[in-house]
Amino acid sequence: MRYSYEAISVFPEVFDAYFGSSILGKAQDRGIFSFTAHNLRDWTHDRHKTVDDAPFGGGAGMLMKPAPIFEAFDAISAASNEKPYVVFFTPTGTPFTQQVAERLSKKPRIVFMCGRYEGIDQRAYSLADEELSLGDYVLTGGELACMVVVDAIVRLLPGALGDEMSAQDESFSAGLLEYEQYTRPSSYRGMNVPEVLLSGNHGKIASWRRANALERTVLRRPDLLEQATLSKEEELFVQQLLNTRIKENDES
Ligand code: SAM
């Protein structure tokens, strides 16, 4: 199955370098997904290809006009029998997470609307199936958000990472942060790789990794633990780590 992603943007050229390189470039070459950036100005009708206008009620900056956006969606939707799932980027949207990436990775066709200026006329949001925010900060435009979201989705598509890599163990995939990783040399500037990773004992390595992932999650992102699926033994281990952490905090 070939997944299709499209962006509507006033700066479509900004996507080229990112989507042309590395894993994303190769996955497109292998036909796993396609990415097309449409220029919103193609759906304007004046000499200056105007996509923005001043906000009613006054205020700083300009807003994206509804008409080019509606016309762009009409044309893009009609170009394929597959009805697109529509995502608008806005700081007021739902925070983007790995769970959202997993959900979106099941959609065969997604069109992303990238805002610019002070944002988008509210009426255009009636086209959206979903509004997404990258985080609690304000970017200049939705293009970066689109690259982030498509990148995170593509990693989850079957075959996109190649046989040798897997997204299964990565941070957030099981509700935990990923364990620490090391490569050669085994000793560098007095810092040694944990012995167990050099042992060749796959059972012990897997247990160490799981414990390390649990420890890191407790220390760095305890909020994630609510979503994690843990065995009874692991719950006990986590509780002990949390208690130690509380004790250390009280002492400092
Ligand atoms: N005035 C808007 C506000 O305060 O919510 C911000 C507009 S921002 C300068 C222009 C565009 O960048 C937005 O329409 C959106 O597409 C994109 N953008 C900015 N920050 C974003 C974020 N945190 N997540 C997703 N998109 C964002």
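The values are calculated or read from the model by the stated rules, or taken from the named source; none is laboratory data. Quick caveat, the model's predicted, so the values are computed rather than measured. All Cβ positions, glycine included, derive from the backbone under ideal geometry; neighbour counts span all protein chains shown. Side chains included, ligands, DNA and RNA excluded: accessible areas come from the protein's heavy atoms. Shrake-Rupley method; radii C 1.70, N 1.55, O 1.52, S 1.80 Å.
Residue by residue, here is whether (1) more than 16 Å from the ligand (Cβ to nearest atom); (2) in contact with a Lys or Arg (Cβ under 6 Å, 6 or more places away or on another chain); (3) farther than 22 Å from ASP29 by Cβ holds:
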site	(1), (2), (3)
MET113	no, no, yes
LEU127	no, no, yes
GLY142	no, no, yes
VAL148	no, no, no
VAL154	yes, no, no
SER171	yes, no, yes
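Considering only residues that are within 27 Å of the chain's Cα centre (by Cα) and open to solvent by 40 Å² or more (accessible area, probe 1.4 Å), look in region 39-61 and name the one that is farthest from GLY159 (Cα to Cα).
Per the criteria, the residue is ARG41.
I'm checking my understanding of the structure. Among residues of region 81-95 that are near the ligand (Cβ under 8 Å from one of its atoms) and open to solvent by 60 Å² or more (accessible area, probe 1.4 Å), which one is nearest to the chain's Cα centre (by Cα)?
Here the residue is PRO91.
Looking only at strands (runs of 3 or more DSSP E) that fall completely inside region 77-155, which ones have 2 or more residues that are assigned by TED's automatic domain parsing to the domain that holds GLY59 and among the small types (Gly, Ala, Ser)?
In region 77-155, no matching strands (runs of 3 or more DSSP E) lie anywhere.
May I ask you to verify whether GLN98 is more than 9 Å from the ligand (Cβ to nearest atom), within 29 Å of ASP223 (Cα to Cα) and not basic (Lys, Arg)?
yes
Would you mind finding the one in ASP136, ASP121 that is more than 21 Å from ARG2 (Cα to Cα) and either surrounded by 19 or more Cβ atoms within 10 Å (Cβ to Cβ) or in contact with a Lys or Arg (Cβ under 7 Å, 6 or more places away or on another chain) (or both)?
Residue meeting the stated conditions: ASP121.
So, in region 152-185, of the ones that are surrounded by fewer than 13 Cβ atoms within 10 Å (Cβ to Cβ), modelled with pLDDT of 95 or more and over 30 Å from PRO95 (Cβ atoms), which residue ends up farthest from the chain's Cα centre (by Cα)?
PRO185
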